[in-house]
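Below is one structure, written out as structure tokens, with a few remarks after it.
Only the coordinates and a few stated rules stand behind these numbers; no lab work does. Values in this document were obtained by computation on a predicted structure and should not be read as measured data. We place every Cβ from the backbone using ideal geometry, glycine too, and count neighbours over all the protein chains shown.
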Amino acid sequence: MAGDWFDNAGNGAALDVAAVLDGKPLQGIIELVDAGALVSMGTTSDGGALGVTVTVDGRWRREYFRAGDELLAWVAQALPAVHEARGTARPSSAPRQRQRRSRSA
């Protein structure tokens, strides 16, 4: 039965990661990191999709993408969630003095 729902699965071809991230999708990833999220990316074991994980304060969500427009739409939803999870308090980039513990003999 050709042309049914099952035929719309991945085609098994290796993903062009640079093409998926090119332009606005990469800018969106940068904005997520700038908002305070940990973003990790990697391809699936068969190389057919890009896995993107966004982590904030121990909470995470991972999705898989084969096209940049899908990633861009997901980032558009993730960015407000990251801002909300981080709140308005962002760590200062100013150097802080480290507290040293005294040694007991």
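Computed about its Cα centre, the charge dipole of the range 13-86 is approximately 180 debye, with only Lys, Arg, Asp and Glu carrying charge at their Cβ. With only Cα atoms counted, the range 13-86 has Rg and Dmax values of 11.8, 38 Å.
Simple rule: put +1 on each Lys or Arg Cβ and -1 on each Asp or Glu Cβ in the range 13-86, find the dipole, and look at 17, 43, 60; the Cα lying farthest toward the positive end is 60. Please compute the net charge surrounding residue 81, taking Lys and Arg as +1 and Asp and Glu as -1 over other residues with Cβ under 10 Å from its Cβ. Every neighbour counted, the sum reads +2. Ordering 84, 63 from the fewest to the most neighbouring beta carbons within 10 Å gives 84, 63. Can you check what the net charge comes to around residue 63, using other residues whose Cβ is under 14 Å from the Cβ of residue 63 (Lys, Arg +1; Asp, Glu -1)? Computed value for this residue: +1.
Can you give the local net charge around residue 49? Use residues other than it whose beta-carbon is closer than 14 angstrom to its beta-carbon, Lys and Arg +1, Asp and Glu -1. Here the count lands on -2.
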